[in-house]
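Have a look at the structure below before the remarks.
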Amino acid sequence: MRRSRILAVDDDDSIRALLSAILGMDHEVLTAANGMEALELLHGAGERVDLILLDIMMPSMDGFEVLTAIRQHPDTADIPVVVLTARSDRHTAEHARDLGAEGWLTKPYNTDTLERMVLLMLEQNVVTAD
């Protein structure tokens, strides 16, 4: 059985390493240090993933801009996105949901909660990358 592919997008090296360590046992984890790198992987290099974990507060291109670009591109519009952010205000959560995010976790998050969220999103996403 093919392992699910997850793209973790965060400007913090330690968070990308943590996500890779937590999820890498059961899933193939790709990482991007910023929004442009994520979009290049998804659109330029044509990498197909089953789930995107996306930070909101990043330099140059924030997570909202990345999420908008993901939803506007036909090759990535259907990929579930879970926002991982230190921002916990209701306005930010509603804005992310309005742009198409399916999930939300506030940093710092519990690893069990993260793993449950990932499994839930993957189970709901019946179309998987090949």
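Please treat every number below as a calculation from the coordinates, not as lab data. Not measured: the values here are computed from a predicted model. Every residue, glycine among them, receives a Cβ derived from its backbone with ideal geometry; neighbour counts consider all protein chains shown.
Taking a Cβ cut-off of under 11 Å around Thr76, the surrounding Lys, Arg, Asp and Glu residues balance to a net charge of -1, with basic ones at +1 and acidic ones at -1. In this structure the amide hydrogen of Leu30, modeled in the peptide plane, comes within under 5 Å of the amide hydrogens of Ile6, Leu7, Ala8, none closer than 5 places in sequence on its chain. The alpha-carbon positions of segment 33-92 define a convex hull whose volume is 83 Å³ per residue. Of the DSSP H helices in the chain, those with a Cα length along their own long axis of 18 Å or more and a mean Kyte-Doolittle hydropathy reaching -1.0 comprise 111-124. Residue ranges 49-55, 25-31 sort as 49-55, 25-31 when ordered by packing (mean number of other C-beta atoms within 10 Å per residue, highest first). Projected onto planes of every orientation and averaged, the convex hull of the alpha-carbon atoms in segment 18-130 covers 6.8 nm². Ordering of 90-98, 60-68 by packing is 60-68, 90-98, highest average first (other Cβ atoms within 10 Å, averaged per residue).
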